[in-house]
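Novice: The structure that follows is given in the form of structure tokens.
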Amino acid sequence: MRLKLIICLVLLSCLLSTLPTLVSAQSGTSVLTGTVVDRSSKLPIEFATLQLLNPGDSAVISTTVTDRKGKFSIEKIKPGKYIFLCSFIGYEKNIIPFTVNQARENLGSIEIGLLTKDMKEVVVTSRKSLLNTSIDRKIYNVTQDIMAQSGSASDILRNIPSVEVDIEGQVTLRGAGDVMILINGRPSPLMGKSRAEVLQQIPANTIERIEVITNPSARYKPDGNAGIINIVMKKNAKGGWTGSLIGNIGNKSRVNGSLNLNYKPGKLNLFSNYSIRQDRRLRTNNIQRQYMDGSGQITSYYTENNQSPVRPLSHFVTLGMEDELNEHNSIGLSGNYHYRDQVRNDMTNKFYYDKNHLLITDYDRLRYDPEYEKEKDVTAFWEHRFPKEDHELRAELNVSSSDEKEDNHYTNAFHFPVKPSSMDNTVIRQTDNQQELTFDYSNPLSEDSKLEAGYDGSFNQRNLDFYGEYYDTVLHRFVKDMTVSNRFTYHEAIHAFYGTWQHSYEKFGYELGLRFEEAIIRGRLVTKDSSIRNNYFKTYPTIHLSYKIKKLEWQLNYSKRVNRPEGDDLNPFPEYQDPNNLRAGNPKLLPEITHSVEFGFKWQNDKYSIVPSLYYRHRRHGFTSVTIPLNDSVLLTTQQNLSNDQSAGLELIFSAKAGKNISITLSSNFFYNTIDATNLGYSNNRSIISMSTNFNSTVTLSPTTLLQVSCNFRSARLTPQGKIFGSFVLNTGMRQDLFKKKVSLTLTVSDLFNSLKQRSELNSAFINQVVVGRRDARIVYFGVSWRFGKLVKKNNEEKLQFDNSL
């Protein structure tokens, strides 16, 4: 089967690569291409304006802008003489007369220089778009979000179309929680089991942008059935030295701040960042549960009220350097360090009743838990640029490690019936080491074709150690509890080779990709002296087709993706945080496989853009949480594989500018989900229609005053044993710039109406349950930021400053 798939892809590639040649012979028009670069630095210029003019009356024939690499393309040009005009704010215009007489005209590298007017200082002010959208990806420029100055990464993710964050900080993409989150394009131990906590602590002002890719090519890891969210940290690359200092103070003793420094005297670039964040959270949880005998008769009732106040303190440090050794070679070395600690003082009230609602047991379970987590990573790269433009080879090594500890001390204080308190302790130690080695090769074989290939080796070692003890009232000391203590180790090695082939002709383009992966997985239950082994070889094809006509761009994409169980998901030993509500992994859990198809188009003009997309996902062996009763009072929640899961949806993203002062983005996601859980004992499929809406608006009240409002709504979602109800949240913020925009004052309010909560239902033959969770999400921050430094030209003839931080 694999051989047939490879042969089909090769034949399809050969067929499509010959198509442009056949069409070209019948075409009477030309395609104009080239690249716009800065005259002194030779760096590409994005968003430069290019106009094709009639030499007779200077009438505009066609207009376009450059992409991130400074490239442009103008199609359907008839043979003849033309004038080419290139312009960009703060730069001199470049006027080029030329003649079109062949099917493809390449103007090469077009250089434009900075304005040389006689002035002591030139200040060029521009503002990036908050959101750049295309059919298969979205780029959210965090630096343009007022909430980013005081909020966390989790707060910013709520503003991005397709992305949702629940009350616990769990991230979903288009309604699916199996999304891969990367830091600077690479996996990180931070984004493992506790990623929800980490995302609520990473300062948003350390992030440059967030990229969301719903159907990645074979170059990317296939992990994450819903797609990829890539968090790109700040790294200034402008010449000279720059810096910023930010401080915020919030209600209920919340504070945070950061210091960014960057120095680039020439080809060497040095960058650093330090951030500190002291937060405060109060979570409350209420559980109402009915136990049944399987025939619908209620046997008992259970009520639980939980309060969990915490004050996490986190530090985030980044240091790095990049050096252009010469015209063809660059190297870089960077590192990150993250440390977070907090003390939990939870109190849980538990009430058990018989079938007649008569009280059986009433006690409090108290938890004292000082815990910490620290993560460090180092990345080194070497990049070689061949003489041909965009012909590159890059080698990168990333090494990271994570260490976390929970020191749980529990006390059970009994109120009815009255009896002495009992005590138990659980120490949880987890270590996670990861290494990744990649080689990426890119070669534009022609103006229309590009080959990419590479190797990606990723290696992961995890150690989960649980030590439990109880207080022996006879011995008057703590004794090791063998039923709670356990150790589980997990080793994973994945070797991947990939290749993609891109080709385009005038309006039509395609990219075919194929990724081969060999996975070697070893899990060991040290306590039971037994092992889990799982080796498999899989192929992951991808297909991306595009067609452009005037202001419309159509795309049809397909990818095969995987969600692999992590060490926690496979560890069968329960976690005894609550003896009546246990959680454990499933060593028999299989990887879930998803086939994802997406079709959409983008229409754009100077004032607004529309990006509708239809998507369909078919998932096999999908993960789902299942809760089962072990006895009359103890529940076990674990992961199981569904028979299959299908979802289809329509996503609409509308962006517009109302004059010069107002910009809005409105996105909605409607999807239909069907769950087949017959292998779990359910006779009927379950289906639901869900939706989410995200709105973001920026109003320029004056050249130095900005107002932002954002809100999102999520409707009810389906689970195999129940559903999760909808939620709504609204955030707002204002910024005032002072002293030529070197100083900014901000005021932000998150969850203005204090409406954020989560309600879920669970229904089975043995249990009915309703859970309502809330947290104090209404947070007010007042902040001050100061930007300083000096940006210089290479020849130092002018003092030129750029301010892109509006």
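The values are calculated or read from the model by the stated rules, or taken from the named source; none is laboratory data. All of these numbers come straight from a predicted model, not from anything done at the bench. Reconstructed Cβ throughout: ideal geometry from the backbone, glycine too, with neighbour counts over all protein chains shown. The protein model used for the area step is the full one, side chains on, heavy atoms only, and it has no ligands, DNA or RNA in it. Shrake-Rupley method; radii C 1.70, N 1.55, O 1.52, S 1.80 Å.
Novice: Taking segment 372-392 only, how many residues are open to solvent by 20 Å² or more (accessible area, probe 1.4 Å) and either of a type in the set (D, E) or on the phi > 0 side of the Ramachandran plot (or both)?
Specialist: Of the residues in segment 372-392, 5 are open to solvent by 20 Å² or more (accessible area, probe 1.4 Å) and either of a type in the set (D, E) or on the phi > 0 side of the Ramachandran plot (or both).
Novice: Further question on the same structure: For segment 518-530, check the following and say yes or no: at least one residue is within 30 Å of E447 (Cα to Cα), open to solvent by less than 30 Å² (accessible area, probe 1.4 Å) and either modelled with pLDDT under 95 or part of a strand (DSSP E or B) (or both).
Specialist: No, that holds for no residue.
Novice: Taking into account only those residues within segment 531-553 that are polar (S, T, N, Q) and at pLDDT below 90, which is farthest from the chain's Cα centre (by Cα)?
Specialist: S531
Novice: Just checking, which of Q307, Q290 is more than 32 Å from the chain's Cα centre (by Cα) and open to solvent by 20 Å² or more (accessible area, probe 1.4 Å)?
Specialist: Exactly one residue qualifies, and that residue is Q290.
Novice: Does I213 fit the bill of being at negative phi, modelled with pLDDT of 85 or more and among the hydrophobic types (A, V, I, L, M, F, W, C)? Don't jump to the end; show me each part of the working.
Specialist: Numbers: at negative phi: yes; modelled with pLDDT of 85 or more: yes; among the hydrophobic types (A, V, I, L, M, F, W, C): yes.
Here the answer is yes, as I213 does meet what is asked.
Novice: Still on this model: Counting just the residues of segment 90-123 that are open to solvent by 90 Å² or more (accessible area, probe 1.4 Å) and out of contact with any strand residue (DSSP E or B) (no Cβ under 6 Å at 6 or more places or on another chain), which one comes out modelled with the highest pLDDT?
Specialist: N101
Novice: Condition first: over 30 Å from D424 (Cα atoms) and among the polar types (S, T, N, Q). Now tell me which residues in segment 441-492 satisfy that.
Specialist: Step one: of segment 441-492, the residues over 30 Å from D424 (Cα atoms) are 441-460, 491-492.
Within segment 441-492, S442, N443, S446, S449, S458, N460 qualify.
Novice: For segment 462-474, state whether one or more residues are of a type outside the set (A, V, I, L, M), in contact with a Gly (Cβ under 9 Å, 6 or more places away or on another chain) and in a strand (DSSP E or B).
Specialist: Yes, segment 462-474 has at least one match.
Novice: Residues I549, I532: which one is out of contact with any strand residue (DSSP E or B) (no Cβ under 9 Å at 6 or more places or on another chain) and touching a residue at least 40 places away in the same chain (Cβ under 8 Å)?
Specialist: I549 is the lone residue from the list that is out of contact with any strand residue (DSSP E or B) (no Cβ under 9 Å at 6 or more places or on another chain) and touching a residue at least 40 places away in the same chain (Cβ under 8 Å).
To keep it simple, each residue is scored yes or no on (1) in a helix (DSSP H, G or I); (2) open to solvent by 50 Å² or more (accessible area, probe 1.4 Å); (3) at pLDDT 85 or above.
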residue	(1), (2), (3)
N586	no, no, yes
L589	no, no, yes
H595	no, yes, yes
F599	no, yes, yes
D606	no, yes, no
Y616	no, yes, yes
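Novice: Just to verify a result, which residue in segment 59-84, among those that are open to solvent by less than 40 Å² (accessible area, probe 1.4 Å) and not hydrophobic (A, V, I, L, M, F, W, C), is modelled with the highest pLDDT?
Specialist: Y82
Novice: Restricting segment 376-400 to residues that are over 17 Å from L333 (Cα atoms) and touching a residue at least 60 places away in the same chain (Cβ under 8 Å), which is farthest from the chain's Cα centre (by Cα)?
Specialist: Among residues in segment 376-400 that are over 17 Å from L333 (Cα atoms) and touching a residue at least 60 places away in the same chain (Cβ under 8 Å), the one farthest from the chain's Cα centre (by Cα) is E389.
Novice: On to the next question. Is it the case that Y263 is part of a strand (DSSP E or B) and either touching an Asp or Glu at 6+ places or on another chain (Cβ under 6 Å) or open to solvent by 40 Å² or more (accessible area, probe 1.4 Å) (or both)?
Specialist: The answer is yes for Y263.
Novice: Which of (1) surrounded by fewer than 19 Cβ atoms within 10 Å (Cβ to Cβ); (2) in contact with a His (Cβ under 9 Å, 6 or more places away or on another chain) does N557 not meet, given it meets every other one?
Specialist: All conditions pass for N557, except number (1).
Novice: If you check Y352, Y363, which single one turns out to be open to solvent by less than 40 Å² (accessible area, probe 1.4 Å) and out of contact with any Lys or Arg (no Cβ under 9 Å at 6 or more places or on another chain)?
Specialist: Selected residue: Y352, the only one of Y352, Y363 that is open to solvent by less than 40 Å² (accessible area, probe 1.4 Å) and out of contact with any Lys or Arg (no Cβ under 9 Å at 6 or more places or on another chain).
Novice: Among the candidates E436, E447, E452, E506, single out the residue that is surrounded by fewer than 17 Cβ atoms within 10 Å (Cβ to Cβ) and under 30 Å from F386 (Cα atoms).
Specialist: Exactly one residue qualifies, and that residue is E447.
Novice: Which of the residues spanning segment 164-178 are open to solvent by 10 Å² or more (accessible area, probe 1.4 Å) and either outside any loop (DSSP other than H, G, I, E, B) or modelled with pLDDT of 85 or more (or both)?
Specialist: The answer is E164, V165, T172, A176.
Novice: Further question on the same structure: Just to verify a result, which residue in segment 631-667, among those that are hydrophobic (A, V, I, L, M, F, W, C) and not in a strand (DSSP E or B), is least open to solvent (accessible area, probe 1.4 Å)?
Specialist: Restricting to residues being hydrophobic (A, V, I, L, M, F, W, C) and not in a strand (DSSP E or B), the top hit is L642.
Novice: Shifting gears a bit: Criterion first (farther than 30 Å from Q461 by Cβ, among the polar types (S, T, N, Q), surrounded by fewer than 24 Cβ atoms within 10 Å (Cβ to Cβ) and under 14 Å from the mean Cα position of the chain (by Cα)) does N141 satisfy it?
Specialist: yes
Novice: Condition first: buried (at least 20 other Cβ atoms within 10 Å of the Cβ) and either without any contact (Cβ under 8 Å) to a residue 40 or more places away in the chain or small (G, A, S) (or both). Now tell me which residues in segment 738-750 satisfy that.
Specialist: S744, S750
Novice: OK, next. Please count how many residues of segment 455-503 are within 24 Å of the chain's Cα centre (by Cα), open to solvent by 40 Å² or more (accessible area, probe 1.4 Å) and more than 30 Å from I543 (Cβ to Cβ).
Specialist: Number of matching residues: 1.
Novice: Could you please find all residues in segment 773-788 being charged (D, E, K, R) and touching a Ser or Thr at 6+ places or on another chain (Cβ under 6 Å)?
Specialist: If the condition is that a residue be charged (D, E, K, R) and touching a Ser or Thr at 6+ places or on another chain (Cβ under 6 Å), then R774, R787 are the ones that fit.
Novice: Look at segment 674-720 and say how many of its residues are at pLDDT 80 or above, among the hydroxyl-bearing types (S, T, Y) and outside any strand (DSSP E or B).
Specialist: 2
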